[in-house]
Structure formats: structure tokens, C-alpha cells
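These notes concern the structure reproduced below.
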């Protein structure tokens, strides 16, 4: 069965510190992987996506993610967190024709000044 | 260019009632997907509409139904509301078979 697990419900980091949010997926075929961010009162915004090729993908707002097939993981990273990055982050896997998506339960990021 | 819009923003209903939520896709998009996001959870896929037909459905009962109009806008209907239907309902639009979805801000439904 297809599923996405985000093991960390809440994470707090200091502004300027590095960040890594974990995501593990279970999918029978080639996974199409996504990271979204959701700020309060706003819809989800796509940060980055991975389909194939280079396993390190760059996204918007300075985020990157690395696909590791052997670990079924797609972790999101940022070298230096800004206060404006405080939000909830969701990892998702999409079907091959993108007509169905499975989301993780999210990781809420708090940023300390 | 307006993005995805949803109405209403908030809604309060009582158990057993019926509700209709509306979504206007981003200009040029022909595919609409609906998601339910319960408090503290990630979005759960309800269904996707393309060319006025339900193309794919998640694990939701028949009480959840939808419709897509010729102008690509869409409605989500929920019958016989339960307390557990309280959630943020998100609409996302895209082009057919595109990987990129654009999400609306959602409709917050509270069932009392």
C-alpha cells in the first residue's frame, strides 16, 4: 500500500541553523515525490519535486531534498533557516499519472530567534 | 491571474445536514482534486475530476460526491454530515496529467 511517513511532528531550530525534515515513503512503483509547505491560513505551496535523474533536487526558498531509494527516503534540507520558514511541511508521493497523491501527516517547524 | 479560489471560507453545520463546497481552478487548468485535511493531519485525497468526470477516488464513502462544470469549476458535496467530517477541505487544480498542483486556501467545515 502507498503511504508516506513523517516521523517528526514538531521540530524547533534556531534561526541560522541547518534543517533536515525526514520523509519515508512506501510505493510499489517508481515514486514521484514532492515537498509542500503550508503557512497558516494558506494553501499548500510546492517546494520541490523528484521524478528521476539526479537524486539531489533543488527547490524554491533555498530548500533541497535528497532521494535515497535504498532507504525509501526523501529528506528535505536547508543550510540556514530563516524565521519566515516557520510553517508546516508535507511530503507527498504521486501516482504515475498524477491523478492521486498521498501526503504525510506533516512536520511543524518552529524557528527560534 | 487569480489562483485557485474556494468558497465559503468557513462553514458551520450540524450532524445530518448536507454541505456544498465550491472551487474555481487556476486559469487554464482543467483538472480539479479535492482533499480533506483533519486537524493535525496531512491532506487526504478524496477524488479528482477531469472533463466533468470523476477520474480517481480515494478511500471516502459515497456520502462524498462531486461535480465538475464545463468551465472546470467544481463542487464537493457531503451528505449526512458526521462530527468526523469537520476538517479543512482543500481544492487543487492542475493541467491534465501534470505533476504540479496549485492549492486553494481551503474551506474550514465545522460539524456540531
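Structural remarks
- Consider region A:26-45 and keep the residues that are within 23 Å of residue B:3 (Cα to Cα) and exposed (fewer than 11 other Cβ atoms within 10 Å of the Cβ). The one that is farthest from the other protein chains (Cβ to nearest Cβ) is A:40.
- Selection within region B:1-16 - under 15 Å from residue B:87 (Cβ atoms) and either away from chain A (no Cβ under 14 Å) or surrounded by 14 or more Cβ atoms within 10 Å (Cβ to Cβ) (or both): B:6, B:8, B:11, B:12, B:13, B:15
- Among all positions in region A:46-56, there is no residue which is surrounded by 12 or more Cβ atoms within 10 Å (Cβ to Cβ), away from chain B (no Cβ under 14 Å) and either at pLDDT 95 or above or assigned to a strand (DSSP E or B) (or both).
- Residue within region A:83-96 that is assigned to a loop (DSSP other than H, G, I, E, B) and closer than 28 Å to residue B:107 by Cβ present: yes
- If the condition is being touching a residue at least 60 places away in the same chain (Cβ under 8 Å) and over 12 Å from the mean Cα position of the chain (by Cα), then region A:64-108 contributes A:79, A:80, A:81, A:82, A:83, A:85, A:94, A:95, A:96, A:98, A:101, A:102.
- Set side by side, the residues B:28, B:40 differ, and just one is more than 12 Å from chain A (Cβ to nearest Cβ), on the phi > 0 side of the Ramachandran plot and assigned to a loop (DSSP other than H, G, I, E, B), which is B:28.
- Residue-level check: of (1) within 14 Å of chain B (Cβ to nearest Cβ); (2) surrounded by 14 or more Cβ atoms within 10 Å (Cβ to Cβ); (3) farther than 19 Å from residue B:104 by Cβ, residue A:109 misses just (1).
- Residues of region A:61-82 satisfying the condition of being surrounded by fewer than 16 Cβ atoms within 10 Å (Cβ to Cβ), at negative phi and at pLDDT 95 or above: A:77, A:79, A:80, A:82
The values are calculated or read from the model by the stated rules, or taken from the named source; none is laboratory data. The shown structure was predicted, so the numbers you read here are calculated from the model rather than taken from an experiment. Using ideal geometry, Cβ is built from the backbone for each residue, glycine included, and neighbour counts are taken over all protein chains shown.
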